[in-house]
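A quick write-up on the structure given underneath.
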Amino acid sequence: MRKALASLRRFLRPPSLRYDGLAGLVLGLGNPGARYAATRHNAGWLVVERLARRAKLDFAPGRGDFHAARWVRPGGDVLLVLPTTFMNRAGQAGAQLAALTGLAPERCLVVVDDLDLPLGRLRLRARGSDGGHRGLASLSAAWDTEGYPRLRLGIGRPADDTVEHVLAPFADAELDTAERMVEAAADAVCETLERGLERAASQFNALQIT
């Protein structure tokens, strides 16, 4: 009976994450916990969750400060990643993933919110500055480069308190646009993986979702 129970536990245990043979990573930046789950600052996290849902994948704790799911794709497997640190320490997960996978930063697509883009706009670029975004600044410091692709989702800049703005949920009047923006961003990630960043950027950077 004891042996049968042990065999059942092994059967039910989710497979361990593998970090070898990956074509790339997709990191969705955000803050962990229910308090922040639906906030504007977690737009990147929402996109990576959407990709996992489409592929019917579950996230598992990684060997570091992140949860991840391995997305098996014809063009090469991709690791979908949600750092479990707060935003300004996202570089911890970035450094751990670089060590685990051996992938260079240019193979990591970072999905992130952007105050300087209006709600409903996407911007996909191969590299760039952090623009004052603490998550990007932490990753750039950990990887010692700004040369990694990023997909920014516009959340708009308020006239007053930006901290309150980014840490608040989307307003009721914004929800439909935000939902369609997340869906379009997930499409943009897929297009980037399948056809390359330049082609995806030409298609999605021109969108204005209203």
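Could you list all residues from segment 192-210 that are surrounded by 18 or more Cβ atoms within 10 Å (Cβ to Cβ) and not hydrophobic (A, V, I, L, M, F, W, C)?
T192
Kindly indicate the residue of segment 22-65 that is part of a loop (DSSP other than H, G, I, E, B) and aliphatic (A, V, I, L, M) and also surrounded by the most Cβ atoms within 10 Å (Cβ to Cβ) among those meeting that condition.
L29
Considering each residue of segment 85-140, count those that are loosely packed, with under 15 Cβ neighbours inside 10 Å, more than 22 Å from L193 (Cα to Cα) and in contact with a helix residue (DSSP H, G or I) (Cβ under 6 Å, 6 or more places away or on another chain), and give that number.
Counting residues in segment 85-140 that are loosely packed, with under 15 Cβ neighbours inside 10 Å, more than 22 Å from L193 (Cα to Cα) and in contact with a helix residue (DSSP H, G or I) (Cβ under 6 Å, 6 or more places away or on another chain) gives 1.
Here is a check on your reading of the model: is E198 more than 18 Å from the chain's Cα centre (by Cα) and in a helix (DSSP H, G or I)?
The answer is yes for E198.
Search segment 101-121 for residues that are under 30 Å from L17 (Cα atoms) and pair each with any residue that is among the polar types (S, T, N, Q) and not in a loop (DSSP other than H, G, I, E, B) when their beta-carbon atoms are under 8 Å apart and the residues are at least 6 apart or on different chains.
L109/T192; D113/N42
Which is in contact (Cβ under 8 Å) with a residue 24 or more places away in the chain and on the phi > 0 side of the Ramachandran plot, of G156, G196?
Working: G196 fails: in contact (Cβ under 8 Å) with a residue 24 or more places away in the chain.
Just a single option satisfies the conditions, and that option is G156.
All of the numbers you see were taken from the coordinates with simple rules; none came from a lab. The shown structure was predicted, so the numbers you read here are calculated from the model rather than taken from an experiment. Virtual Cβ from ideal backbone geometry, glycine too; neighbours counted across all protein chains shown.
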